[in-house]
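Right, one structure below, let's go through it.
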Amino acid sequence: MTDLSTTIAGVRFPSCFMNAAGALCVTRDELVALGKSAAGAIVTKSMTVEPRQGNPEPRYYGFPGGSINSMGLPNLGYKAYAELIPELKRFGKPVVASVAGLCEEDFPTIAAAINAAQPDLIEVNLSCPNIPGKPQIGYDPESSERVIKRVRQIITVPMGLKLPPYFDPAHHEAMGKVIGRYGIDFLNMINSVGNGLVVDPEREAVVIKPKGGFGGLGGRLIKPVALANVRAFYKIFQGRIPIIGTGGVMDGVDAFEHLLCGASAIQVGTVLVEEGLDVFGRLDKELAGILARKGYRSVAECRGMVKEL
Ligand code: RRO
């Protein structure tokens, strides 16, 4: 039997697959459905201080190459998620709380209350691309360092960072230096590729309403960017910080590629939204098949094993 379980920062996940923050995880009903599904964890929507409706619709659009979204952080507010965490922990799989904020001050406020609710892990989202007028924190190492420093002093459960895609080794290194100073327990990359633009030529129009149509790209087309970021940070930290690989996973082979590049677990966004919760059973089956065919007995065995030429 192939072992699809994984461990991140000492926390065991019964399957290495889970939802990406944002995908089918805003409401209590959605989170409970994730609990009942074959997903290996329950990841919450990134939360803010106040509840938010998010950006005007249409704000998500799927197309053959992937998806574009500008949801604008619709969420119940951190108090509601803090109250839900004990209930969600009863499903026998880790609960990962995703913490965001509209300004730097919000992060410690939310981190303190959420940490007190004791999710299994906390993921600090430094990479939301869709709040008009708010640049992604993760693209500014100084601002990132200020936020990381504040929350690191507060969070006692395993703490990770959700990073945006970087496109130059200098940026991997600059962020790597910051991350290396704060005892970060895990990394998750990548968030959506921010500020892409999809056009419908028939309607001669953009496909989502917020920000003139600009939004975060996900799905199939971002896989090489995701793999590059997983690989870059795996190498910078020589495998010592576990990585959740997110981006472009549509099937078991995509997940295998993430593992080879250094991921210890896999999150799915676009394919989960498009296919629904049954995707987790399919991904488990497909990954088990390819691992068995390749002679790997577990997720851990193939982690980081991609060959360089
Ligand atoms: O809510 C969003 O618009 C959103 C967030 Br917070 C994020 O981190 N990534 C994304 O693609 N959308």
Check Phe233 against each of (1) open to solvent by 10 Å² or more (accessible area, probe 1.4 Å); (2) within 21 Å of Lys307 (Cβ to Cβ) and name the one condition it does not meet.
(1)
Counting only residues in segment 120-136 that are open to solvent by 20 Å² or more (accessible area, probe 1.4 Å) and among the charged types (D, E, K, R), the one nearest to the ligand (Cβ to nearest atom) is identified as Lys134
Among the numbered conditions (1) open to solvent by less than 40 Å² (accessible area, probe 1.4 Å); (2) not in a strand (DSSP E or B), tell me where Gln238 comes up short.
(1)
Scanning for something more than 16 Å from the ligand (Cβ to nearest atom), over 23 Å from Lys209 (Cα atoms), within 20 Å of the chain's Cα centre (by Cα) and open to solvent by 50 Å² or more (accessible area, probe 1.4 Å), does segment 74-93 turn up at least one residue?
yes
Examine segment 257-265 for a residue that is within 16 Å of the ligand (Cβ to nearest atom), among the polar types (S, T, N, Q) and touching a Lys or Arg at 6+ places or on another chain (Cβ under 9 Å), and state whether such a residue exists.
no
By my count, strands (runs of 3 or more DSSP E) wholly in segment 131-205 with at least 2 residues that are over 17 Å from the mean Cα position of the chain (by Cα) and of a type outside the set (D, E, K, R) are 193-197
Name the residues in segment 181-200 that are surrounded by fewer than 24 Cβ atoms within 10 Å (Cβ to Cβ), among the aliphatic types (A, V, I, L, M) and within 14 Å of the ligand (Cβ to nearest atom), would you?
Val193, Val198
Which listed residue, of Ala113, Ala117, is within 29 Å of Arg59 (Cβ to Cβ), among the small types (Gly, Ala, Ser), open to solvent by 10 Å² or more (accessible area, probe 1.4 Å) and touching a Lys or Arg at 6+ places or on another chain (Cβ under 9 Å)
Ala113
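The values are calculated or read from the model by the stated rules, or taken from the named source; none is laboratory data. Because the structure is a prediction, the values reported are computed rather than measured. Please note: Cβ atoms are built from the backbone with ideal geometry, for glycine as well, and neighbour counts cover all protein chains shown. The area values use the complete protein model at the heavy-atom level, side chains included, leaving out ligands, DNA and RNA. Shrake-Rupley method; radii C 1.70, N 1.55, O 1.52, S 1.80 Å.
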